[in-house]
1. Given the conditions (1) more than 16 Å from Lys179 (Cα to Cα); (2) part of a helix (DSSP H, G or I), and given that Arg108 satisfies all but one, which numbered condition is not satisfied?
2. Filter segment 88-105 for residues that are in a loop (DSSP other than H, G, I, E, B) and either modelled with pLDDT under 85 or of a type in the set (Asp, Glu) (or both) and give the result.
3. Going residue by residue through segment 134-145, is there one that turns out to be among the charged types (D, E, K, R) and either under 28 Å from Ser94 (Cβ atoms) or not in a helix (DSSP H, G or I) (or both)?
4. Can you name the residue in segment 111-128 that is part of a helix (DSSP H, G or I) and small (Gly, Ala, Ser) and is also farthest from Glu144 (Cα to Cα) among such residues?
5. Cβ-Cβ under 6 Å, sequence separation 6+ or interchain: first residue in segment 116-139 and under 16 Å from Gln201 (Cβ atoms), partner among the hydroxyl-bearing types (Ser, Thr, Tyr). Which pairs?
6. Are any residues in segment 158-190 of a type in the set (S, T, N, Q) and either surrounded by 14 or more Cβ atoms within 10 Å (Cβ to Cβ) or touching a residue at least 40 places away in the same chain (Cβ under 8 Å) (or both), and if so, which ones?
7. Could you tell me which of the residues Ser140, Ser124 is modelled with pLDDT under 90 and either surrounded by fewer than 19 Cβ atoms within 10 Å (Cβ to Cβ) or more than 22 Å from the chain's Cα centre (by Cα) (or both)?
Amino acid sequence: MKKYSKIFMLLATSFALFMIPGRSAAQEQELQQLLLNMEKLTQLKSILSDMQKGYYIYEQGYGAISNLSKGNFDLHDTYLSGLLNVSPSVRNYSRIADIVSMQSSLLREYKASDHLFRTSNTFSPGELNYMGTVYEKLVSETMENVDELATVIAAGKLRMSDAERLKAVDRIYNSSADKLQFLRHFTRQGQILSIQRAKEQSEILKLKKLYGIVN
C-alpha cells in the first residue's frame with residue numbers, strides 16, 4: 001500500500017500541474033491489450049469456478065478443453081492439464097477464487113471509473129492522462145498477478161511443495177487486495193474532486209445568469 005500511497009500523493013499536485021497531450025496511438029493499443037487481458041481473466045475465473053463446483057473437464061474430452069481456450073487469446077494446454085493435476089489442497093484453496101474475484105473487480109471498476117471521469121467534463125486532458133496512467137499501471141500489475149497465479153497453481157510449472165504454493169498464493173492475495181484498496185481510494189478521491197468542481201461550475205453558471213453574463 002505504501003508504494004501506491006506515493007502515487008496518490010502525486011494526484012493532488014498532478015491535477016493542478018499536469019497538462020499532458022491525449023493518449024498516443026501506442027497507449028491506445030496498450031488499452032486494447034488490457035481489454036484482451038480482461039477476457040483472459042474472465043475465462044480463468046470461469047475455469048476455476050467450474051473446478052470448485054466439482055466438474056471434471058477430462059470427462060468432457062480434450063475437445064472441451066480446447067474450446068475453453070479459444071477466443072482472442074490461448075490458455076496453453078500444458079497449463080490446463082497441470083491445473084487439473086495439482087494437489088487438491090492447492091487447487092481448492094479458497095484464496096484462489098478470492099484473488100480472481102478481486103482482480104475481476106479491479107478491472108471492472110477501473111473501466112467504469114475511467115469512463116465516468118472522461119465524460120464528467122470536470123477534468124483537463126492532462127489530468128485525465130495522468131489518471132489513466134495510474135489506472136493502467138494498476139491493471140498491468142494485476143495482469144502480472146494473473147500470470148503468476150496461473151504459474152503457481154499449475155502442476156509442473158514450478159518445483160514447489162504444496163506449502164510453498166499456498167504461501168505464494170497468500171502473497172498474491174495480499175498484493176491483489178492492496179491494489180484493489182488503492183484503486184478504490186484513488187477513485188474516491190477523484191470522485192470527490194469531480195463533485196466539488198461540478199458544484200463550482202454550477203455556482204458560476206448561476207452567478208453568470210444572475211448578472212446577465214452570456215459568456
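1. (1)
2. Residues of segment 88-105 that are in a loop (DSSP other than H, G, I, E, B), as a first pass: 92-93.
Scanning segment 88-105 gives a single hit, Asn92.
3. We begin by selecting, within segment 134-145, every residue among the charged types (D, E, K, R); these are 136-137, 141, 144.
Narrowing the set further to residues that are either under 28 Å from Ser94 (Cβ atoms) or not in a helix (DSSP H, G or I) (or both) leaves 141, 144.
Within segment 134-145 (the criterion being among the charged types (D, E, K, R) and either under 28 Å from Ser94 (Cβ atoms) or not in a helix (DSSP H, G or I) (or both)), the answer is yes, since at least one residue qualifies.
4. So the first thing to find is which residues in segment 111-128 are part of a helix (DSSP H, G or I), and the list is 111-119, 125-128.
In the following step, the residues that additionally are small (Gly, Ala, Ser) were identified as 112-113, 126.
Numbers: Ala112: 21, Ser113: 21, Gly126: 27 Å.
Here the residue is Gly126.
5. Hits for this filter: Ser120/Ser194; Thr122/Ser194.
6. Start the filter on segment 158-190 by keeping residues that are of a type in the set (S, T, N, Q), which leaves 161, 174-176, 181, 187, 189.
Residues satisfying the conditions are Ser175, Ser176, Gln181, Thr187, Gln189.
7. Details: Ser124 fails: modelled with pLDDT under 90.
Unique residue meeting the criteria: Ser140.
The values are calculated or read from the model by the stated rules, or taken from the named source; none is laboratory data. Computed from a predicted structure; not experimentally measured. Cβ coordinates were reconstructed from backbone atoms using ideal geometry, including for glycine residues, and neighbour counts include every protein chain displayed.
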